[in-house]
Amino acid sequence: MPLPRGADDLRGVTAPTPVVRGTEDLFHPPGSGRHLVGLLPDAVLPVVDGLGHSLPAVVHRVVADAVLDHVRRHP
């Protein structure tokens with residue numbers, strides 16, 4: 001999946017990075033997240049089932065838990 005010019009610079013990021021995607025996101029689908037995870041040296045891809053491009057209240061807990069899990073693993 002093509003990314004904007006300069007996206008390969010992401011390979012230089014040293015911070016562990018969660019790339020959150022939703023299974024129903026038509027703008028940034030999980031495939032684009034897999035591509036980003038391939039560019040970032042220490043990245044994970046939590047995929048939220050049923051999430052589209054917006055962040056409705058019904059998935060706040062799932063996304064927050066993914067971020068908190070990431071922070072706990074990388075203090």
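Readers should treat all values here as calculations from the given coordinates under stated rules, not as data from a laboratory. Only a predicted model underlies this, so the values are computations on that prediction, with no experimental measurement involved. No Cβ is skipped: glycine too gets one built from the backbone with ideal geometry, and neighbour counts run over all protein chains shown.
Observations, loosely collected:
- Helical mean residue ellipticity (222 nm; -39500 (n - 2.57) per DSSP H run of 4+; nearest 500) of the chain: -10000 deg cm²/dmol
- Formal net charge of residues neighbouring residue 55 (Cβ-Cβ distance under 13 Å; K, R +1; D, E -1): 0
- Nearest-0.05 FRET efficiency for residue 72 and residue 24, computed from C-beta distance (R0 30 Å): 0.65
- Farthest towards the positive end of the charge dipole of the chain, among the residues 56, 75, 44, is the Cα of 75, using unit charges on the Cβ of Lys, Arg, Asp and Glu.
- Coordinate range along principal axes, alpha carbons of the chain, Å, largest first: 34, 32, 13
- Dipole in debye (nearest 20) - the chain, about Cα centre, beta carbon charges: Lys, Arg +1; Asp, Glu -1: 120
- Whole-Hz ³J(HN,Hα) from phi, Karplus 6.51 cos²θ - 1.76 cosθ + 1.60, for the stretch 17-22, glycine and proline x: 9, x, 10, 7, 9, x
- The relative contact order of the chain, computed from alpha carbon pairs under 8 Å that lie at least 6 residues apart in sequence, is 32 percent.
- Highest mean packing comes first when the peptides 17-23, 54-60, 42-48 are listed by Cβ atoms within 10 Å, giving 17-23, 42-48, 54-60.
- Computed FRET value (nearest 0.05) for residue 55 with residue 34, which takes r as the C-beta separation and R₀ as 25 Å: 0.80
- In this structure the amide hydrogen of residue 17, modeled in the peptide plane, comes within under 5 Å of the amide hydrogens of 42, 43, 44, none closer than 5 places in sequence on its chain.
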